[in-house]
Amino acid sequence: MKKRSLLLGLSLLTAISPVTLIAGPGHGNEEHSEGFFTRLKNAVFASYGEQLPFGRVGKSSEVSKKVAIELNDQFRFSPEEIQVAVGETLQLDFKNTGEMRHEWVIGTPFEISEHLELMRRFPDMEHDEPHNVHVDPGQSHTLVWQFNREGRFEYACLLPGHYEAGMRGFAEVK
């Protein structure tokens, strides 16, 4: 599946590159110029450990701390905030203690708002990004992530209604 996603992403990137070279420079607002192309690049390259604005896939051999994160039907993460040192690699152990499916996705506030809008329009869209996990009721999932960029990054459940009910938190990286 990842190979298929990579080939599809690279094909799309190759096909649209000439268009972006012509159309891209006209946009002075950096936030406005991000969007589909940023998400495409992130999805294609992040699964191979490439740098994203909020970190990258970590190596299990470099884990310095394990953090258990509960996802529940009160639409909360526990803990709601994680303190991380720049460069630290965490093993994030997710456990869904509720009776409905939840997700955990991390990003910059801009990326979270973009993803939220996509989820509102396409609630059943598939996810293949390494910084996004879905956890079914009673199930667990593990993600190793290296936080090698300083900042305050948001994590959230963007399934319909969950974010609006308060299912979000922050990773403070200093």
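FYI, it's all coordinate maths here, none of it is from the lab. Just so you know, these numbers come straight off a predicted model, no measurement behind them. Counting neighbours? That spans all protein chains shown, and the Cβs are built from the backbone with ideal geometry, glycine included.
At a 10 Å Cβ-Cβ cut-off, how would you order Met125, Met167, Met119, fewest neighbours first? Numbers along the way, then the final one.
Numbers: Met125 9, Met167 24, Met119 21.
Lowest count first: Met125, Met119, Met167.
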Spelling it out for Arg101: with amide H atoms placed in the peptide plane at 1.01 Å from N, the residues 5 or more places away or on another chain with amide H under 5 Å from its amide H are none
As straight-line cross-link partners of Lys59, the qualifying aspartates and glutamates (C-alpha separation under 12 Å, not fewer than 8 residues apart within one chain) are Glu88
Two pseudo-spin positions, 7 Å from Cα along C-beta at Glu117 and at Arg152, lie apart in nanometres by 2.3
Simple SL model, points at 7 angstrom along Cα→Cβ for Met100 and Val63; separation in nm is 3.0
